[in-house]
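Report on the structure given below.
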Amino acid sequence: MSDIPVLSIKNLHAKVADIEILRGLNLELKKGEIHAIMGPNGSGKSTLAKLLAGHPAYEATSGEVVYKGKDLLEMEADERAREGVLLAFQYPVEIPGVSIANFLRTAVQARLAEDEEVDLFDFQDDLVDRMELLEMDPSFAERPVNDGFSGGEKKRGEILQLAMLNPSLALLDETDSGLDIDALQIVSKAINVMREKDPDLAVLIITHYQRVLNYVQPDFVHVMVKGAIVESGGPEVATRLEEQGYEEFRVPAGA
Amino acid sequence: MEGVTPALNQEAVKLLAANEPDWLRERRLHAWSVYERTPLPTTRLEEWRYTDLSRTLELDSLGLPPREAPRSLAVDRYPERLRNAMEKDWDASGHLVEMDGSVVHTDLLDDLRRQGVVLTSLQEAVETHEEFLREHLATEVLPPETGKFQALNAALWTDGILLIVPKGVQVELPARISRWTSEAGRAFFSRTLIVAEEGSRVSYVDECLSDDFDRQSFVSTGVEILARDGAQVQYVSLQRMGRGAFHLSQQRTLALRDATLDTLNVSLGASVARVDLNAQLLGAGANSDMLGLYFAGDDQHFDHNTRQDHIAPNTRSDLLYKGALEGRSRTVFRGIIKVYEGAQRTDAYQTNRNLILSDHARADSLPNLEIAADDVRCSHGATVGQLDEEVLFYLMSRGLDRRQAERLVVRGFLGEVLAKFPLGGVVAKVSEIIEQRLGAD
Ligand SMILES: Nc1ncnc2c1ncn2[C@@H]1O[C@H](COP(=O)(O)OP(=O)(O)OP(=O)(O)O)[C@@H](O)[C@H]1O
Ligand SMILES: [Mg+2]
């Protein structure tokens, strides 16, 4: 049991709007591992993240995605989330009139059996606790989801949501972009606290910057170019990319 | 003759007026004559373009309620749906219950009674406040000449509500009115007259409920509200009737100098619901916030027809109507802002937004401006949109199923209207009703 990977992607091809974006992608995350994916704009990182989260516009055409031993591609987006796959969006969506607290309560409720009700006191305690962790003002919980948020507030809000919903696999799509140095540290700390609470939590960090990886240390760093992983290694890969950019990968590697 | 039926006829008017004072009998008969000479509105008229009365209203087959209706009824004999609706209404300055066209209960806080506040049935008011009715009932606010059905209501009302708030009196808690209809095959006519004297303040919540019917039941509600100088009035209509009901609510509000006259119309029930609301800003500095929300489901047809008349300078009105539609439902919003010559420094806004949740629903939105003054700030906007798939995906990516996600979006969408309404207790009740509606299939 223990060595079944949290996520196993084999030779995945996927398209959106009839354009093939992912072209033979392989990736495996084991329990408790942190992986980072870096890659040039348009290489398909968000496509991978949204596909994993179950966005209906992204269609896998071949290959397989297995999550905790189950075929992830068979599940609807909401089912995946309830099973523990959670995506922190690169561009979080605004939901006017729906407060964060209300939204999260509904999301927590969605994880309970039909005859169970969210314990409002426990929920409130958790929310206050996670908001303190993320150094957010308590009034934030009453603001409509992402509506009128600054870029940084949106990203922090994404991590708040994940911290409340206890994922097994956290997909962080450029959560670090748009955060100032202090906010980056706070968000990184929150991710590390989540891992302390659940050492099995697997994290996939999509980023353009090595910076975040100084705070949340990855076990593996992958380079994604044109819809495939072209290089994998340890944290040193990120350092090298930071210095040299993607030039060496411009020529499709053997594909 | 058009519109004249065996049950709804001049004889019926005379019968109703048999024991009433002469002026009232004449007033009813006059209204009847206006009704008779006014043609039935057809879809050729802009205001009735999308609501075809010849196909939706079955006046010919409806009778009037029985004449000897009970004048009182114990609470434990109220229908369950009505009792449930009233359960949380204890936070009130007074209550009034109308059943099948006649008032069966009234109460009012002693303190308010001592200050001269009047909350009573119209039938009783004919005896106790005859002079007041003679001056105000169906005269300046909602005269029969306003339209065919306003006239019919003025001719055939069987009972209704009179609320008077004397000069300077502040009524903290809302007056709660509950109206119940249990009979199919009948036409009910009820009238509401609210007069807030100078500098007074009051809020009023009218909740209209009924059984579900397999034949049509028609409820006509005529509402006249007068806010004198500096008075503040909040009027709320919660329409939660059952299927088979046709509800016609015709409201006209007059705001005099520096008065505030806000309305909130919530349409959830009935098979056909039509609201005509005319806000008249008659005195300088008058202000009206006009809020509306509706949630239409299968085979429901809602038509909201509003009018903001800016007659005096320095007046302000702000209208926001939002609706969600599912199933095979149909809604119409038609609004007009009219700024009269001389109504300088008018601020008038009008927004209608519709959220369509089904391929079979249709919303029409027809905003309109007519401006005869030059120093004004006016805007109007209308949208008819569907649920955004990106929004749904975002919510589902947190574990909400599609239906829960849709409901949450609708809740947020409609919630914007309630967030603007100043009475917390009323908002709580409306939110709860919307929750029930959202939870129902
Ligand atoms: N819904 C869509 N419709 C059409 N094209 C799309 C869609 N989503 C993504 N694409 C295209 O797929 C390619 C990969 O996009 P994706 O967002 O996955 O890149 P990315 O690696 O996340 O880039 P960035 O670093 O800029 O965030 C791009 O060319 C993009 O234009
Ligand atoms: Mg991206």
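One table, with the values for the structure above:
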quantity	calculated
Environment charge at B:THR51 (Cβ cut-off 15 Å; Lys +1, Arg +1, Asp -1, Glu -1)	0
Least to most buried among A:LYS70, A:LYS197, A:LYS15 (fewest other Cβ within 10 Å first)	A:LYS197, A:LYS70, A:LYS15
Peptide-level mean, for A:75-81, of C-beta atoms on other protein chains within 10 Å	6
Dipole magnitude of the protein assembly as shown about its Cα centre (Cβ charges: Lys, Arg +1; Asp, Glu -1), debye to nearest 20	1140 debye
Farthest toward positive dipole pole in chain A [+1 Lys/Arg, -1 Asp/Glu at C-beta], among A:ALA77, A:GLY245, A:VAL6	A:GLY245
Kyte-Doolittle mean at least 0.0, axial Cα span of 15 Å or more - DSSP H helices of chain A	A:181-197
Expected 222 nm ellipticity per residue - DSSP helices of 4 or more, -39500 (n - 2.57), all of chain B, to 500	-7000 deg cm²/dmol
Separation between Cα centres of the stretch B:5-48 and the stretch B:315-362, rounded to whole Å	31 Å
Cut-off 13 Å between beta-carbons: net charge of the residues surrounding B:VAL339, Lys and Arg +1, Asp and Glu -1	-1
Residue-wise HN-Hα coupling along the stretch B:357-367, computed from phi with Karplus coefficients 6.51, -1.76, 1.60 (Hz; x: Gly, Pro)	9, 9, 6, 9, 8, 9, 10, 10, 10, 10, x
Helical mean residue ellipticity (222 nm; -39500 (n - 2.57) per DSSP H run of 4+; nearest 500) of chain A	-10000 deg cm²/dmol
Rounded to the nearest 20 debye, dipole of the stretch B:10-438 from Cβ charges on Lys, Arg, Asp, Glu	500 debye
Surrounding net charge for B:GLU416, when Lys and Arg each add one and Asp and Glu each subtract one, Cβ distance under 11 Å	+3
Exposure proxy ranking, count of Cβ atoms within 10 Å, fewest first, for A:THR175, A:THR239	A:THR239, A:THR175
Residue order, fewest to most beta carbons within 10 Å, for B:PHE188, B:PHE149	B:PHE149, B:PHE188
Cα centroid separation - the stretch B:365-429 against the stretch B:165-236, whole Å	26 Å
Peptide ranges B:298-305, A:176-183, B:250-257 listed from the most packed, as the mean C-beta count within 10 angstrom indicates	B:250-257, B:298-305, A:176-183
Student exercise, the stretch B:1-109 dipole from Lys, Arg, Asp, Glu Cβ charges, in Debye to nearest 20	180 debye
Set of lysines near B:LYS429 by C-alpha distance (under 20 Å), chain-local residues within fewer than 8 positions excluded	B:LYS88, B:LYS322, B:LYS420
Lysine pairs within chain A, Cα separation less than 19 Å, 8 or more sequence positions apart or different chains	26
Averaged over B:403-413, number of beta-carbon atoms from partner chains that fall within 10 Å	4
Selected from B:LEU325, B:GLY147, B:ASN265, residue furthest toward positive end of dipole (the protein assembly as shown; charges at beta carbon)	B:GLY147
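Rule-based calculations on the coordinates, nothing more; no lab input. Here the structure is a predicted model, which means the values were calculated and not measured. Cβ sites come from the backbone with ideal geometry, for glycine too, and all protein chains shown count toward neighbours.
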